[in-house]
């Protein structure tokens, strides 16, 4: 079992990846169990809890960091900062009880710049997708 805390600086309440599933070549998968106890559901939205899209993207970014670290064979590739988000699309609501499958393909990693094609699924339904670019320092 992979300890995700070895690969991410994030901690509660901002650690948005629960489990590493696999990394093979440029491809990876992680899981996020969406619980009714998530603090953001208190205000987003009362009576109709929906996971904020920006947090789905953050979960994809955290999964990407794990995938990159494992691909590079390092526990610490540095701290990643968003450089760009392109082609971001949200396809369905993510609600308590859902399990997000956070998948991606590392398209490029050179001189600290990484670009990932990332997708979040609930079961087989696409919930969100984005091209995410990071700079690692």
Cβ-Cβ under 8 Å pairs, at least 6 apart or on other chains, the stretch 76-90 side closer than 15 Å to residue 64 by Cα, far side at pLDDT below 95 and assigned to a loop (DSSP other than H, G, I, E, B): 76/7; 78/112; 78/137; 79/9; 79/137; 81/137
Any hit, the stretch 118-132, residues being touching a residue at least 60 places away in the same chain (Cβ under 8 Å), out of contact with any helix residue (DSSP H, G or I) (no Cβ under 9 Å at 6 or more places or on another chain) and more than 19 Å from residue 5 (Cβ to Cβ): no
Residues satisfying the stated conditions in the stretch 100-132, i.e. within 10 Å of the chain's Cα centre (by Cα) and outside any strand (DSSP E or B): none
Given (1) in a helix (DSSP H, G or I); (2) touching a residue at least 40 places away in the same chain (Cβ under 8 Å), number of the condition residue 55 does not satisfy: (2)
Residue within the stretch 71-86 that is touching a strand residue (DSSP E or B) at 6+ places or on another chain (Cβ under 6 Å), part of a strand (DSSP E or B) and buried (at least 17 other Cβ atoms within 10 Å of the Cβ) present: yes
Residue in the stretch 31-49 that is out of contact with any helix residue (DSSP H, G or I) (no Cβ under 8 Å at 6 or more places or on another chain), at pLDDT 95 or above, assigned to a strand (DSSP E or B) and over 19 Å from residue 16 (Cα atoms) present: no
The stretch 32-64, residues that are under 13 Å from residue 99 (Cα atoms), surrounded by fewer than 16 Cβ atoms within 10 Å (Cβ to Cβ) and under 14 Å from the mean Cα position of the chain (by Cα): 33
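The values are calculated or read from the model by the stated rules, or taken from the named source; none is laboratory data. This is a predicted model, so every value here is computed, not measured. Neighbour counts run over all protein chains shown; Cβ positions are idealised from the backbone, glycine included.
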